[in-house]
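> If you scroll down you'll find the structure; I have some questions about it.
The values are calculated or read from the model by the stated rules, or taken from the named source; none is laboratory data. Remember, predicted model here, so these are calculated numbers, not experimental data. For neighbour counting, all protein chains shown are included, and Cβ atoms are generated from backbone atoms with ideal geometry for every residue, glycine included.
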Protein chains: 2
Amino acid sequence: MTFEADFQELRERVQEITDLTSVGAVLGWDRSTYLPAGGAPARARQSALLARLRHQKATDPALGTLLSRLERERTHLDPDGLEARLIEVARHDFDRATRVPDAFVVQLSQHANETYGAWTRARPENDFAGLVPRLERTLELSRQYATFFPEFDHPMDIFVDNATEGVTVAQVKDVFSRLRAGLVPLVQAVSERPEPRTDFLHRFYPAGEQLAFGESVIRDYGYDFSRGRQDLTHHPFCTRFSIDDVRITTRVKENDLTECLFSTLHESGHAMYEQGVDSAFEGTPLARGTSSAVHESQSRLWENVVGRGRHFWQHYFPRLQAAFPEQLHDVSADEMYRAVNVVRRSLIRTDADELTYNLHVILRFELELAMHEGRLEVRDLADAWHARYESDLGVRAPDDRDGVLQDVHWYFGMIGGVFHGYTLGNVLSLQFWDAARRAVPDVSDQIARGEFAPLRGWLTEHIYRFGRSRSANEIALATTGSALTVEPYLNYLRGKYGELYGVHAETA
Amino acid sequence: MTFEADFQELRERVQEITDLTSVGAVLGWDRSTYLPAGGAPARARQSALLARLRHQKATDPALGTLLSRLERERTHLDPDGLEARLIEVARHDFDRATRVPDAFVVQLSQHANETYGAWTRARPENDFAGLVPRLERTLELSRQYATFFPEFDHPMDIFVDNATEGVTVAQVKDVFSRLRAGLVPLVQAVSERPEPRTDFLHRFYPAGEQLAFGESVIRDYGYDFSRGRQDLTHHPFCTRFSIDDVRITTRVKENDLTECLFSTLHESGHAMYEQGVDSAFEGTPLARGTSSAVHESQSRLWENVVGRGRHFWQHYFPRLQAAFPEQLHDVSADEMYRAVNVVRRSLIRTDADELTYNLHVILRFELELAMHEGRLEVRDLADAWHARYESDLGVRAPDDRDGVLQDVHWYFGMIGGVFHGYTLGNVLSLQFWDAARRAVPDVSDQIARGEFAPLRGWLTEHIYRFGRSRSANEIALATTGSALTVEPYLNYLRGKYGELYGVHAETA
């Protein structure tokens, strides 16, 4: 066998695996957007079949043999080239997949699909108790999954590493503790100041117009609708079926101007990342975002750093006012900017402001740790949730709907791999933003003119195009000169909210 | 191996095949409803992969061995029971699938997907010439497919038999010639009579209200929206992902009241058939309509025999008028009934009235025959189309958009398996309707009251619940006492249009 023939076989094999992943994603997208209620059981069965077929391909011993042959030739390859990176990533995925038995994959897929369906019924009925047996099974499966990777120190390390390669539970705890130390006094100082006006956010804004406005903004951002689309779901998300078919979803409340807009901006950040991957990677495992933390850095950058910034509203407030002239006739651009940045200790993570958002994440991560470490039983989770909200945010949900049932994540997959990435993403977003500002000094003025091509161009050049061919650490080091560091993010929050609320930076 | 263990293995194997078919259908549904333009190439690749995996499962030699073992036990089984019928149908499908090489299946799927994409671009540009090379390849693949089944007399027999088992090209030609002999003088007689008023059908009817009205009717019919949904596509269709997820699509023209309504009624007939299959058959090849002719008999029955009938409009005209009071203020129920049954020699098959519809089908079938028999080249097809429309219907399309490019069928799959089933379905629909009327004598009065449960109940009892566990011939014989026969259909047309147009039955 020549290297060329072997490498061609590798491409064909990973393309099948990638395409089966994408087909599974189509099934998942349809389940969340358009599936009629009756279709759920068969869909769970179909998704489980796809997961099993994918897993068989991903763990085919012949793929391992092929990779070993290719690795012997690796020294002759450019270490940054497609060949070397594809071999490396394929080896990583193969080793990880072969640890997990086929039967486990099928059980997990079937269980996740059924639990998701049960959650969609239980949430409106505020029935956490009814979900406890299923969630106990989810925790059991999550712990079982961890046992397949005994080389990690902490039972949740494998989930954190799967989300962002090379990061450990210990590191996340360290980042979170430094972040919390900076956040708590800042939130405290802000909460003692008077709240800005927000009444006008809750006037009546028809759904169709809200969707149209959000779509007009992300079209300006550079989300390509000829290679994607937006649909409505209960929980917004971004999903990819290929580099040229990256879809997002959003949700609308007609008495809340911010829900739809910021969900749309958030998901567009994920989607532009996926749409921006080098097209040479299509049909390979390199053709997606490199980690959940880098992914989230992009959704939060476009949602918050850009979309909740003063310059953004200089450009878009007149346009929003033109779309809703009656509702916004008595509002100024400055009032809008202040309103979309109101800080409030609240119940719902996805509605939270930038400042308190991370407290929502940190408490979820710590509840996950407590469950994995055996310090918290699933049946006590709803109460633990309420207790943490009272202690960390000073609020208590009237029921579990807006408590432990609010996020889909624990009800669709395993426990431990998702939430922490949102805050790591926030931290990274400011490292990238600072780097982008150094490279494109007038980026803020461009935003104030509704020009996003230079910013998106810099992000594409330094992050998006690489897909998974660079790790989160490599990207952070190359663009910002350092690995994960909380200072840029804390400085940003202190500057922005110090100015907004008249709080001295040193107080915070 | 016990019979029970073998049969269990058969169920698992056919469930995988069935589920892969359904997943392929999800990909197809999404391609027609929501796929962004950029996503087409990857989707073609993914569909081809699914087709290949499905074909591998469907032709696994171990399945053949298993079937042989099970067949040795068949004499002990109830010949009408699930076990015997499943073994029989699985054998039929296995034998048919094993004749077709894997490579052919992949080529065909990839080619069909690409050609579909090319057709969606070529049609608005009226570019048949650009499609000729692709369509030549389609014909080549269709002929190649026929060579895998040398036991049939005519090269198109395999397509007809795949659509409706046991029917041959010779039989279709015979039915069509008897039908044409009855139709031509009837169309001629009607065309000499004054046309009813139809102006009000072309007033402005907003899309949303049209969709809502159509959905209200099929809800009354008994289409179950908790196990289905309706979306918009260029070409309406029905697709099944399980017995409990059967979806339909429709299209709307705001200056045409009939397009959306009758498309919706038509597809609901297909869908109620699929939704009505015995739930014990879920996950097996028995869980779908038994043939294209029986399927089409149901779509045409609910669209035409019911939906274009006088009794239907007694009930629905006041409701339609309430939905569109301004547009229909000067119209009576009788005028509406006459308008939706206007006979007109026209260009578009899917818009055609009941009487001329079959002429559209017959000419397509004959063009297909001419291509398969080598009497017509693809490059001459557009001209042949125009010539046949001029001779058979007396009209000529101004371009190919409404000529040879109007139907998707030849541009998405092979040539020869589809159109003839529409007319066979019309013929069967009246055999079934007559049988239903004998069993439920006051069915017309029930329809005039908007009551459809007794009719749907009879159809479910005698047709729907059996799925593929009974053949078209078995169902026709059991319910009507005879195989395919054109007389009931011709009698119905003569009676209905004789009365509508004041034409004497004997003239026709």
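> With surrounded by fewer than 18 Cβ atoms within 10 Å (Cβ to Cβ) and within 22 Å of A:ALA370 (Cβ to Cβ) as the only criterion, which of A:ARG197, A:ARG121, A:ARG180 stands out?
Result: A:ARG180 is the single residue among A:ARG197, A:ARG121, A:ARG180 that is surrounded by fewer than 18 Cβ atoms within 10 Å (Cβ to Cβ) and within 22 Å of A:ALA370 (Cβ to Cβ).
> Quick one: how many residues across the stretch A:241-269 are in contact with a strand residue (DSSP E or B) (Cβ under 8 Å, 6 or more places away or on another chain), among the charged types (D, E, K, R) and farther than 13 Å from A:GLY228 by Cβ? Spell out how you get there, then give the answer.
Of the stretch A:241-269, the ones in contact with a strand residue (DSSP E or B) (Cβ under 8 Å, 6 or more places away or on another chain) are A:241, A:246-252, A:259-260, A:263-264, A:267-268.
From what's left, among the charged types (D, E, K, R): A:247, A:251, A:259, A:267.
Next, from what is left, pick out any that are farther than 13 Å from A:GLY228 by Cβ: A:251, A:259.
The qualifying residues number 2.
> What is the number of the single condition among (1) assigned to a helix (DSSP H, G or I); (2) surrounded by 17 or more Cβ atoms within 10 Å (Cβ to Cβ); (3) touching a residue at least 24 places away in the same chain (Cβ under 8 Å) that A:ARG401 does not meet?
Among (1) assigned to a helix (DSSP H, G or I); (2) surrounded by 17 or more Cβ atoms within 10 Å (Cβ to Cβ); (3) touching a residue at least 24 places away in the same chain (Cβ under 8 Å), A:ARG401 violates only (1).
> I'd like to verify a number: residues in the stretch A:23-38 that are in contact with a Lys or Arg (Cβ under 7 Å, 6 or more places away or on another chain), in a helix (DSSP H, G or I) and at the interface with another protein chain (Cβ under 7 Å from one of its Cβ atoms), how many? If you could, list the steps in order and put the result at the bottom.
First pass over the stretch A:23-38, keeping only residues in contact with a Lys or Arg (Cβ under 7 Å, 6 or more places away or on another chain): A:24-25, A:27, A:29, A:31, A:34-36, A:38.
From the residues that got through so far, the ones that are in a helix (DSSP H, G or I) too are A:24-25, A:27, A:29, A:31, A:38.
Subsequent filtering for residues that are at the interface with another protein chain (Cβ under 7 Å from one of its Cβ atoms) retains A:27, A:38.
Count: 2.
> Let me ask something else. Consider A:ARG96 against the criteria (1) touching a residue at least 60 places away in the same chain (Cβ under 8 Å); (2) surrounded by fewer than 19 Cβ atoms within 10 Å (Cβ to Cβ); (3) within 14 Å of chain B (Cβ to nearest Cβ): it satisfies all of them except one. Which criterion is unmet?
Result: A:ARG96 fails condition (3) only.
> Would you pick out the residues in the stretch A:252-288 that are closer than 21 Å to A:THR198 by Cα, surrounded by fewer than 18 Cβ atoms within 10 Å (Cβ to Cβ) and among the charged types (D, E, K, R)?
Result: A:LYS253, A:GLU254, A:ASP256.
> Quick one: A:HIS234 ticks every box in (1) at pLDDT below 95; (2) over 20 Å from the mean Cα position of the chain (by Cα); (3) not acidic (Asp, Glu) bar one, so which box is it?
Here A:HIS234 meets the rest and fails (2).
> Something else about it: Regarding the stretch A:324-339, can at least one residue be identified that is more than 22 Å from A:GLY214 (Cα to Cα), touching a Lys or Arg at 6+ places or on another chain (Cβ under 8 Å), surrounded by 18 or more Cβ atoms within 10 Å (Cβ to Cβ) and in contact (Cβ under 8 Å) with a residue 40 or more places away in the chain?
Checking the stretch A:324-339: not a single residue is more than 22 Å from A:GLY214 (Cα to Cα), touching a Lys or Arg at 6+ places or on another chain (Cβ under 8 Å), surrounded by 18 or more Cβ atoms within 10 Å (Cβ to Cβ) and in contact (Cβ under 8 Å) with a residue 40 or more places away in the chain.
> Where residues in the stretch A:273-320 are of a type outside the set (Gly, Ala, Ser) and within 14 Å of chain B (Cβ to nearest Cβ), which of them is farthest from A:TYR337 (Cα to Cα)? Let's see the steps before the verdict.
As a first pass, look at the stretch A:273-320 and keep what is of a type outside the set (Gly, Ala, Ser): A:273-275, A:277-278, A:281-282, A:284-286, A:288, A:290, A:294-296, A:298, A:300-306, A:308, A:310-320.
Those still in the list that are within 14 Å of chain B (Cβ to nearest Cβ) too: A:274-275, A:277, A:281-282, A:284, A:288.
Values: A:GLU274: 29, A:GLN275: 29, A:VAL277: 32, A:PHE281: 40, A:GLU282: 40, A:THR284: 42, A:ARG288: 33 Å.
Going through the qualifying residues, I end up with A:THR284.
> Another question, then. Can you tell me how many residues in the stretch A:367-387 are farther than 16 Å from A:GLN406 by Cβ, part of a helix (DSSP H, G or I) and touching a residue at least 24 places away in the same chain (Cβ under 8 Å)?
Within the stretch A:367-387, residues that are farther than 16 Å from A:GLN406 by Cβ, part of a helix (DSSP H, G or I) and touching a residue at least 24 places away in the same chain (Cβ under 8 Å) number 5.
> Then there is this: Can you tell me which residues in the stretch B:179-229 are more than 14 Å from chain A (Cβ to nearest Cβ) and of a type in the set (D, E, K, R)?
Matches in the stretch B:179-229: B:ARG180, B:GLU192, B:ARG193, B:GLU195, B:ARG197, B:ASP199, B:ARG203, B:GLU209, B:ASP220.
> Another question, then. Right, A:SER226: free of Cβ contacts under 8 Å to residues at least 12 places away in the same chain, touching a helix residue (DSSP H, G or I) at 6+ places or on another chain (Cβ under 8 Å), of a type in the set (S, T, N, Q) and closer than 24 Å to A:THR33 by Cα or not? Break it down into steps so the answer makes sense when it comes.
Details: free of Cβ contacts under 8 Å to residues at least 12 places away in the same chain: yes; touching a helix residue (DSSP H, G or I) at 6+ places or on another chain (Cβ under 8 Å): yes; of a type in the set (S, T, N, Q): yes; closer than 24 Å to A:THR33 by Cα: yes.
Answer is yes for this residue.
> Also, quick follow-up: Please find, among B:ARG13, B:ARG85, the residue that is within 14 Å of chain A (Cβ to nearest Cβ), at pLDDT 95 or above, in a helix (DSSP H, G or I) and farther than 30 Å from A:ILE243 by Cα.
Details: B:ARG85 fails: within 14 Å of chain A (Cβ to nearest Cβ).
Within the list B:ARG13, B:ARG85, the selection yields B:ARG13.
> Do any helices (runs of 4 or more DSSP H) entirely within the stretch B:144-262 hold 1 or more residues that are in contact with a Lys or Arg (Cβ under 9 Å, 6 or more places away or on another chain) and under 24 Å from B:SER346 (Cα atoms), and if so, which?
Details: elements: B:157-163, B:169-191, B:207-221.
So the answer is B:169-191, B:207-221.
> Sticking with this one: Looking at the stretch B:242-272, which of its residues are free of Cβ contacts under 8 Å to residues at least 24 places away in the same chain and within 14 Å of chain A (Cβ to nearest Cβ)?
Kept after step one, since they are free of Cβ contacts under 8 Å to residues at least 24 places away in the same chain, are these residues of the stretch B:242-272: B:245, B:251, B:253.
Residue satisfying the conditions is B:ASP245 alone.
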